[in-house]
1. Looking at the structure I just gave you, is I145 β-branched (V, I, T), open to solvent by less than 40 Å² (accessible area, probe 1.4 Å) and part of a helix (DSSP H, G or I)?
2. For residues in the range 30-89 being open to solvent by 70 Å² or more (accessible area, probe 1.4 Å) and on the phi > 0 side of the Ramachandran plot, which is modelled with the lowest pLDDT?
3. Can you tell me which residues in the range 48-69 are charged (D, E, K, R) and either without any contact (Cβ under 8 Å) to a residue 12 or more places away in the chain or under 18 Å from E208 (Cα atoms) (or both)?
4. Just to be sure I understand, how many residues within the range 178-220 are touching a Lys or Arg at 6+ places or on another chain (Cβ under 9 Å), buried (at least 16 other Cβ atoms within 10 Å of the Cβ) and either hydrophobic (A, V, I, L, M, F, W, C) or part of a loop (DSSP other than H, G, I, E, B) (or both)?
Amino acid sequence: MNKLEEKVYCTNCKNKTHHGIVHTYSERSDIYDDMQWHDEYHIVKCLGCYNVSFVRQYGDEDMWEQVNGERFWVDEFTAYPGEPKEEYEEGLLTMNRQPKEFKHTPNNILDLYNQIIESFNNLHFVLCVSGLRTLIEGICSQQGIKKGYIYDCDKNKLPNKKDGVVKKSESLGGRIFGLFENDHILFHQALLLQKVKDIGNSAIHDIEVPDIYTIYEIISVVEEAMSDIYELKNHKLLQDD
């Protein structure tokens, strides 16, 4: 029996354990698709207590980590039933976030932003986080950004996963860096937006979201990008007398 590459939660052991793979169903992208991905569904058995459960393993070309200057492709492993989520602090659950005022942001972008804030205040976190990813994609489209190179944290251009060639990518990851390449945002803003994109992917594909504190922070990251892209160039200090 092959072993799952990563420990996942076992409802019987009450922690993450090694699991053996009983059976797998796989789907993957076509070699000619712009975005390369694979999606595997495993029936697994805990190697400690032999409890049987279900695990989804997903990966695409945007999912990688930088370790000691080297790039490693990573997959997401989601167990069903999943690990119980910790309860949020009662005081924070009642906190409302006021939408920021954006005077020069296009109406379609602004409407989506306001819906995201409303979702956050109503504790609809999956909608909120997936909406943030959609908002980033909408900003790229509104700015005419169709592609960009993929960079590591040291601004080195990375090769395409499919063919190993350094070229611009039409994936959302590439388009985010395209905002940087076209001087709309700073490089470290692009890195942060990549993180927001990854969190949004988890919400869309796995219906998983981080804790409320992290969601609060990533909303601020997107707000800062919106301000830099749409508002700063129209600041009153830059207007002619």
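1. The answer is no for I145.
2. N68
3. To start, the set of residues in the range 48-69 that are charged (D, E, K, R) comprises 56, 60-62, 65.
Scanning the range 48-69 gives R56, D60, D62, E65.
4. Qualifying residue count, the range 178-220: 5.
The values are calculated or read from the model by the stated rules, or taken from the named source; none is laboratory data. Only a predicted model underlies this, so the values are computations on that prediction, with no experimental measurement involved. Note: ideal-geometry Cβ built from the backbone for every residue, glycine included; neighbour counts use all protein chains shown. Surface areas here come from the heavy atoms of the whole protein model, side chains and all, with no ligands, DNA or RNA. Shrake-Rupley method; radii C 1.70, N 1.55, O 1.52, S 1.80 Å.
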